[in-house]
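Report on the following structure.
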Amino acid sequence: MKATALFLFLAVGLSAATIVEPPAPVRASVAAPAARPAPLPAFSAPVPPRTIVQDADTRRAAYLARVGEVLAWKAKLADIRFPVTFDASAVCAKLARREDPAVCSRRVIELMKNPGTGPFWMFPAVGMAYLGRDQLSPEAKAAIRAAWGSVMQVRGDTENHWAMYYTSLYLMAQLYPNEPGSSWYTGKSSEENLAEARDYLVHWMDITTTIGQGEFNPTGYITEYAIPMLFLATWARDPAMRIRGRMTLDWLFADLAANTLNGELRGSNARTVDASVVEHWRDHASFYSWLLFGNIPPNPSFGGFGVYFASAAANYELPEVIYRIAVDRDGDYVQRDLKRTRRRWRHSDVLAAPIYKTSYMRRNYAVGSYQGGVADPIQTHTWDVTWAVPDPRGVTNTMFSMHPVSSPYDLQTYFAESPDSMIPAMVAERKPTYDLPDKFLGSSRFERVFQDRDTVIALYDIPPGTRFPHINGFFSKFLSGVTQDKSGWIFARGGNAYLAYRPLAAYEWRPTPKGDRRLYSPHLKNGTIVQAADAGEFADLAAFGRAIAALRLAYSLEPVPTVSMRTLRGRDVVFTYGRTPVVDGVPVDYSKWKLYEGPYLNAEKGSRRLTITHGSLRRVLDFNTLTISDSVTSGR
Amino acid sequence: MAPPVRFLLALAAAFPAALANAAIPAHDMVVSVLAGPAFVVGTKSAFESGLFRRGPDGSFHHFGLDFPGTFGISVDPRDSRVFYVASLNGCLITRDGGLTWRIGTSWDMTEPQDVRVDPNSPDTVYIALPDGVAQSKDRGVTWTRRERGLPERGKYTQAIEIDRNRAGRVLAGCETGIYLTENAGRSWRRVLPTSETVTDIEQSPHDPRRWMAATQADGLVQSRDGGLTWRPVAGVPSAKCLYNVAFDPTNPRRIAVGSWTYGVLTTEDGGATWADRNAGLPAGHCVYRVGVDPDSGRLYAGVHQVSLYQSGDFGRTWTPDGLPQSRIYRFNFVPAAR
């Protein structure tokens, strides 16, 4: 596509996308100097223009300017008189800017007097150690080193924990080679630590590039992979580990690019949180979209952890092919990916079950799902429809239903824990809604989902006696024209998308604390059908409603929920809870699901090889040979 | 006056120190504890967690690592300074009483729940893993999976116990039942199927052929033939999880069971009848662990995030006994430090 055509396409899109007028976005307050008002930080500033930056140098300069903004913002907040402002991320920001090394040294010594424990302490310490190699005082460097011998670091029990833990251990062992076990909290020598960390990281990359990432497309936890992989790509001396870090970053960001709608990460994902499951913008993924693609405001305070990424971000250059997937799409597309569940200790025939993920992306909305069941026991989001908005801040631009689960059985499946203390522990562990019936966060063993482009069918067969025997549907206050039709469908408009929601059992409306609505349906055998369409496809919402109501639809809930319908796109779908979906008479063959399959990302299962394509651009990440291959197709 | 007492008094007159030493317990109480509210990875707890040793004055003193995820403990019978600790990070090992530590396992063995030194061959150590069983034959330096005969799935292992009288016999409490090896882990066979996890296995200190196991959903079970066959113990409820079982080493007729739901259950007739012994414990029970002091017969109960409780009359009355706000994972009574 030529540049002029691209700009025209984009201009039409932007013009059409200005219908919704959201309430004033939530702004983070930042104290401004008295003398001259500073420019607003990006998370409070107007939405960046969604123009495609064609020139590579300009793109790179803009990226580095954003990196610089993050570092300058954090460095300016740091005041040595107020230790709370001068945390490890402030030290990293200042060291990355090469300013105040003496003050940083003092602060490092203070921070190291009471080391934290676990991966969230380790990677900031690594950042300070490496950024400060030629800036910190010998005493400060010695303080960091000593802390790695004095406090047993918690490895954690989660994929992101281990990515941070072992990358950090690897880099520190590399920084201090030939030191005995007595000087490390592990009791192992530098070489033993290095080898163990390397082995785990290679193992993790191997399973991620063969059967998929466990914590796939995380809205917040993306930062807990991006930071360690950037550190590895930047500071590993072993070229093999360095390129592994670099390739894994590309892999993560290609996945992010293909799953964002104007920078918003939407659709199914292994882990999100209560706020961002309905307001997708409000999480770290938005920081990365802003930093890398420049097409969305970052989340407040750059997500906090964003500062660590920024402190080494100059060492990463986003490949143009990934950039263009995020910002320069020339049509609707379906992307199918293979992921895996968190490892299951109990209650399962497999250690990690496959996740079959579908994403349908259009200019004005996107639909995403996986087949249901539990990918991760607490924070998985199974499916949604999300519509594009001019400014996503404060906007709950999504629709979905779910079964709220609070279950020791599910927790014991994934955690080495006893049954009775887990739920109180979850609530105490910053998952306060885990045991609440009105939550919108989480996945269920009793949900099955099928998606065909912009049609989603979610079926529920909840056993009697299950805690929270109902389903919750999320209805945003930003929907307009919500109509409960006599056909049983509920029609609404979200931005430039028309949405049809068909509950399969009786329901009632319940308010939510922030003014959205919950469709509460207290029926064990239940279901939801959602059909979306572009507003441009119909004269108005009423015409869309008539088209939907005219679709053939038959369903029953006994003995198990089953739906037979013709989708808006003319597909005949039969979907029965617990059985393979059938489309136009052909059963869906999940065994043929590839690791990635779509116009932009392609990989065979088990291949360790991802091909990233956009137009004439192609990048191949090959973990078999540890090679990155770029090519341009001629004649396109 | 019985002759032995007369003899002791005479001895005390002649050698006062001898009587004083006779009063010193043979064992130290060591507990693994998560102190304070639930631990969140990434946060810094204000509470010290890990191993605590009870001092002569009854107070608990933290020693070794301040670490929030310590579970099972086992001590080398030849050297009570050598501790193996099943932990979130793997098997932690100290050979100097807690001054220095090493994570004995690597990344491929995580979150062991239990650890046992083989009393018949103390260089051999077993750990119970969420995905099976591993064994070290060199005091924790190297580890090998020992899972032949365990199911490919269903081998989540919560508890492990070694027959102190017959070398090579080990019982593992798994998700799908109790498994027995009679050849030091080279092969296992299931001796009791269960519907959910076996939470604890114990061998009677009085009768080596008698074993008991607590389960999550199958009640309390016992074996009278060294773990070959098992039967449910009547009078103990089975609907909810039983967390552990503890024999009283001082009295063969006394056994205690700990449960979140049922609290403390005891028998004083060898298991024929059981009594609810929760009067004096906090409402709701939430007992995570029970233990019996091998020197005094004193019964202990760890009430989740409340306190340790102790009873001098085997559960009829209880008094708080320190470790406030704690979750006690294990009671261990190790040869006393001198």
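The values are calculated or read from the model by the stated rules, or taken from the named source; none is laboratory data. Values in this document were obtained by computation on a predicted structure and should not be read as measured data. For neighbour counting, all protein chains shown are included, and Cβ atoms are generated from backbone atoms with ideal geometry for every residue, glycine included.
Data for the structure
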{"quantity": "Segment A:281-295: number of residues that are under 24 Å from A:Phe475 (Cβ atoms), part of a loop (DSSP other than H, G, I, E, B) and touching a helix residue (DSSP H, G or I) at 6+ places or on another chain (Cβ under 8 Å)", "calculated": "2"}
{"quantity": "Single residue of B:Tyr309, B:Tyr329 found to be touching a residue at least 12 places away in the same chain (Cβ under 8 Å), within 14 Å of chain A (Cβ to nearest Cβ) and out of contact with any helix residue (DSSP H, G or I) (no Cβ under 6 Å at 6 or more places or on another chain)", "calculated": "B:Tyr329"}
{"quantity": "Filter result for the condition that a residue is under 26 Å from A:Arg608 (Cβ atoms), in contact with a helix residue (DSSP H, G or I) (Cβ under 7 Å, 6 or more places away or on another chain), without any contact (Cβ under 8 Å) to a residue 40 or more places away in the chain and not small (Gly, Ala, Ser), over A:Tyr176, A:Tyr200", "calculated": "A:Tyr200"}
{"quantity": "Criterion (assigned to a helix (DSSP H, G or I) and farther than 22 Å from A:Pro228 by Cα) met by exactly one of A:Val84, A:Val67, A:Val91, A:Val53", "calculated": "A:Val84"}
{"quantity": "Answer residue from segment B:95-121, given it is facing chain A (nearest Cβ under 10 Å) and acidic (Asp, Glu) and is surrounded by the most Cβ atoms within 10 Å (Cβ to Cβ) among those", "calculated": "B:Glu111"}
{"quantity": "Odd one out for B:Ser238, checked against (1) within 14 Å of chain A (Cβ to nearest Cβ); (2) under 19 Å from B:Val170 (Cα atoms); (3) surrounded by fewer than 22 Cβ atoms within 10 Å (Cβ to Cβ); (4) among the small types (Gly, Ala, Ser)", "calculated": "(2)"}
{"quantity": "Long-range neighbours under 7 Å by Cβ, at least six apart or interchain, first residue within 22 Å of B:Ile160 (Cβ to Cβ) within segment B:52-80, second among the basic types (Lys, Arg)", "calculated": "B:Phe71/B:Arg330; B:Gly72/B:Arg330; B:Ile73/B:Arg330; B:Ser74/B:Arg116"}
{"quantity": "For A:Thr433: the one exception among (1) surrounded by fewer than 22 Cβ atoms within 10 Å (Cβ to Cβ); (2) in contact with a Gly (Cβ under 9 Å, 6 or more places away or on another chain); (3) among the β-branched types (Val, Ile, Thr); (4) within 14 Å of chain B (Cβ to nearest Cβ)", "calculated": "(4)"}
{"quantity": "Some residue of segment A:178-196 being under 28 Å from B:Glu48 (Cβ atoms), buried (at least 19 other Cβ atoms within 10 Å of the Cβ), of a type outside the set (Gly, Ala, Ser) and in contact with a strand residue (DSSP E or B) (Cβ under 6 Å, 6 or more places away or on another chain)", "calculated": "yes"}
{"quantity": "Some residue of segment A:124-141 being modelled with pLDDT of 95 or more, assigned by TED's automatic domain parsing to the domain that holds A:Arg97 and closer than 15 Å to B:Thr43 by Cβ", "calculated": "yes"}
{"quantity": "Test result for A:Ser521, surrounded by fewer than 23 Cβ atoms within 10 Å (Cβ to Cβ) and either out of contact with any Lys or Arg (no Cβ under 8 Å at 6 or more places or on another chain) or closer than 21 Å to A:Ser369 by Cα (or both)", "calculated": "yes"}
{"quantity": "Identity of the residue in segment A:350-378, under 21 Å from A:Ile462 (Cα atoms) and within 14 Å of chain B (Cβ to nearest Cβ), that ends up surrounded by the most Cβ atoms within 10 Å (Cβ to Cβ)", "calculated": "A:Ile378"}
{"quantity": "Meets criteria (surrounded by fewer than 18 Cβ atoms within 10 Å (Cβ to Cβ) and closer than 30 Å to A:Val151 by Cα) for A:Lys113", "calculated": "yes"}
{"quantity": "Answer from A:Ala78, A:Ala42 - the residue that is touching a helix residue (DSSP H, G or I) at 6+ places or on another chain (Cβ under 9 Å), crowded, with 18+ Cβ neighbours inside 10 Å and closer than 28 Å to A:Val321 by Cα", "calculated": "A:Ala42"}
{"quantity": "Helices (runs of 4 or more DSSP H) enclosed by segment A:166-264 - at least 2 residues per element that are within 14 Å of chain B (Cβ to nearest Cβ)", "calculated": "A:190-208, A:222-235"}
{"quantity": "Looking only at segment B:45-72, and only at residues there that are in a strand (DSSP E or B) and over 25 Å from A:Ala428 (Cβ atoms), the one that is nearest to the other protein chains (Cβ to nearest Cβ)", "calculated": "B:Gly64"}
{"quantity": "Positions within segment A:322-337 being buried (at least 24 other Cβ atoms within 10 Å of the Cβ) and touching a Lys or Arg at 6+ places or on another chain (Cβ under 6 Å), in sequence order", "calculated": "A:Asp337"}
{"quantity": "Any hit, segment A:356-365, residues being small (Gly, Ala, Ser) and touching a Ser or Thr at 6+ places or on another chain (Cβ under 9 Å)", "calculated": "yes"}
